[in-house]
Each structure stands twice: as structure tokens, then as C-alpha cells.
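Written below as C-alpha cells is the structure these notes are about.
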Amino acid sequence: MTHNEQQLRLYPPAKVNLILRVGERLPNGYHALWSLMQTVGLTDELTIRIESSFTGIRFECAGLQLSQATDNLVYRAADLVLQKVLNNTGAAIGVEISLRKHIPVAAGLGGGSSDAAATIMGLNRVLGCGWSLSEMISLGQQLGSDVPFFFAAPTAVIQGVGERISPVTLAGDRWILLVNPGFPIHTKLAYQRLDEGRGAGFQPDNHFPDWNGTDPMSWDDVVPLIKNDFEDVLLDDYPELAHIKNALLTAGAEAALVSGSGATIFGIFSDESKAQHARMQLADSPQWRVFVVPVKRVGLLESGEESGAKSEE
């Protein structure tokens with residue numbers, strides 16, 4: 001193992017679920033999922049630095065209480081990596097990690113999962129571990145069902161409990177108008193409400209689309225198919241989300257949908273000017289966080305002019 005770099009700065013992106021189907025509840029308590037996921041140009045900022053003056057992890061995130069640090073997915077991801085390095089090589093490593101959050105938390109945008117994947121990929125690079133994609137994914141799976149997706153970004157179909165990943169080519173460009181209402185919806189609660197809404201006798205449709213990732217798709221193919229199984233129950237529980245969705249459609253979005261388990265609603269637009277015009281039409285409340293961002297065309301560690309950009313609110 002060689003240390004290739006002493007410091008690395010990454011920009012973990014948010015994601016939206018263009019399609020999210022929730023199947024049956026599995027014996028392990030999780031639900032079978034089928035999701036078409038896409039990264040967008042709203043990013044956090046993650047700095048990883050190798051330190052020789054200590055071993056273990058020093059982690060800081062603006063607004064995060066120190067007592068909570070070990071609960072953060074970035075800390076947990078770094079801990080998994082350092083334990084694997086110690087077990088494989090006997091080397092005790094010191095890392096300093098700084099996280100600047102721009103992606104709203106508990107928002108259906110996968111910010112924490114993206115940060116965790118970036119931590120694993122970044123440490124793999126700076127420590128020169130040489131781990132394969134499958135090795136990194138196996139670490140990510142231990143942290144959450146959304147984490148594996150970010151290793152296959154920018155576009156992929158995710159199945160099972162997040163472990164089956166098929167990268168997809170989605171041709172063309174779109175702009176996304178993200179509207180976060182300013183309140184969180186925790187994933188566990190969203191699943192609980194979904195199960196309650198379906199009732200004891202509900203038989204979920206487990207016949208998901210058969211996309212194997214080999215055939216390119218266009219946005220014109222995907223937009224008519226967007227769907228989120230959480231949406232009906234969330235719009236009933238949170239009328240403000242229904243208001244936001246209607247406002248996006250009225251402002252000219254090709255489609256609008258809850259992302260993940262909420263609470264962010266996104267609208268799809270064919271170009272930036274239409275998205276910006278729609279943003280000006282929104283009678284947004286002071287609590288809303290609104291972002292106009294492009295879909296991303298590159299993966300987390302790939303070069304490209306858009307890979308380091310973060311959006312402005």
C-alpha cells in the first residue's frame with residue numbers, strides 16, 4: 001500500500017429517484033426496491049487529509065455537535081476503511097476529514113450516502129489501497145441502501161436492498177429545480193406510513209421494469225415513466241408537498257416528483273432558462289430551500305468541468 005496523495009477534496013453529489021418502486025417487506029425487515037437514480041449538480045464538499053501525528057479519525061462538520069461525530073456516515077465510512085486497512089496490512093492510519101454540507105439533510109437527496117461513498121472512494125485513492133469497485137461497494141452496503149449507487153453514478157438502476165447495481169446511459173441533458181420545504185422526513189417514518197397506507201392485505205407489484213443497463217435511454221423515454229411509491233401517502237400527510245408539486249407543474253416542469261422518501265420535490269426542465277423562469281414563478285416560503293442544478297454526466301471521481309461545481313441557492 002502506498003500513499004498516493006496527502007490530501008484530496010471531493011464534491012459528493014445529491015441524487016434524485018426518477019423511478020422508485022417499493023416492493024414487499026423482506027424477512028430482514030427491509031423492503032425490495034427498484035429505482036432509477038440520477039445524480040444532480042448540488043454537492044457537499046469533503047476534504048480528506050492523511051496525518052502522521054496521530055492515528056484514527058478526526059472529523060469536523062459545520063453545525064455538527066462533536067458528540068454526534070461517530071454517528072455521521074462519513075465517520076462510520078472512514079472507520080470501516082481504516083479497520084480494513086489495519087486488518088489487511090497492520091498499518092494504523094490517521095486521517096482528518098472536513099465536511100461542508102450544502103445538500104439538505106433527511107431530504108430524499110442521498111447526501112449522507114453520497115458523502116459516505118466519497119469517503120470510501122477518496123480514502124481508497126489517497127491511501128493507495130487499490131480496492132476494486134466491488135470491494136468498495138461491499139463496505140458501502142454496510143452503511144445504507146443508497147450508498148452503493150454512488151459508486152455507479154451518475155445514472156443507475158438499483159435493485160434488491162441497494163446491492164444490485166446496473167449503470168445506465170441516459171442520453172441528453174436536463175435541468176432540475178429542487179424544492180426542499182425546510183422540514184425533514186425520516187426514512188423510517190416514510191416506510192412506516194407506506195406500510196400503514198397499504199394495509200395488511202396489500203400485495204405489492206414486484207414486476208419491475210426489465211432494464212439491464214445495456215440499452216441507452218433518453219429523457220423522452222424516462223419522463224413519462226417517473227413514479228415514486230412513497231408519493232401518495234406523503235402528499236396526503238404533508239399538503240405543502242402537494243402544493244410544491246402543483247406549483248412546479250404549473251410553472252412548466254415536464255414532470256415533478258417526490259425524491260426518495262421526501263421531503264424534497266424536484267421538477268424536470270429541458271434547459272436552464274426554463275428552470276430559472278419556473279423558480280421565479282414559485283411563491284416560495286422563507287423556509288424553502290430552492291436549487292436550480294443540471295443533471296450530472298460524470299461519476300464521483302471522474303474529471304470534468306462540472307465535477308467540482310456546487311450550486312448556489
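Just so you know, all these numbers are worked out from the coordinates, no wet-lab data involved. No experiment lies behind these values; they were computed from the predicted model shown. Neighbour counts are summed over all protein chains in view; Cβ atoms, including those assigned to glycine, are modelled from backbone coordinates with ideal geometry.
Structure summary
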| item | result |
| --- | --- |
| Set of lysines near Lys15 by C-alpha distance (under 22 Å), chain-local residues within fewer than 8 positions excluded | Lys101, Lys188, Lys227, Lys245, Lys274, Lys296, Lys310 |
| Sum of -39500 (n - 2.57) over DSSP H runs of 4+, divided by residues of the chain (222 nm, nearest 500) | -8500 deg cm²/dmol |
| Crossing angle, helix 187-198 versus the chain [Cα axis fit, 0-90 degrees, rounded to tens] | 40 degrees |
| Crossing angle, helix 239-250 versus the chain [Cα axis fit, 0-90 degrees, rounded to tens] | 70 degrees |
| Net charge dipole size for segment 76-180 [Lys, Arg +1 and Asp, Glu -1 on Cβ; Debye, nearest 20] | 80 debye |
| Magnitude of the charge dipole, segment 1-153, Cβ model with Lys/Arg +1 and Asp/Glu -1, debye to 20 | 180 debye |
| Gaussian network model of the chain, Cα within-10 Å springs - most flexible of Pro181, Pro294, Pro216 | Pro216 |
| Proxy reagent accessibility, fewest Cβ within 10 Å first, across Thr119, Thr39, Thr187, Thr169 | Thr169, Thr187, Thr39, Thr119 |
| Relative intensity, log₁₀ I(q)/I(0), of segment 116-209 from a Debye sum that treats every alpha carbon as a point, q = 0.14 Å⁻¹ | -0.78 |
| Among beta bridges that DSSP assigns inside the chain, antiparallel share in %, nearest 5 | 80 percent |
| Virtual spin-label span in nm between Leu86 and Ser134, 7 Å along Cα→Cβ | 2.8 nm |
| For the chain, the spread of Cα positions along each principal axis, largest first, Å | 57, 45, 42 |
| Cβ charges +1 (Lys, Arg) and -1 (Asp, Glu), total dipole of the chain, debye | 500 debye |
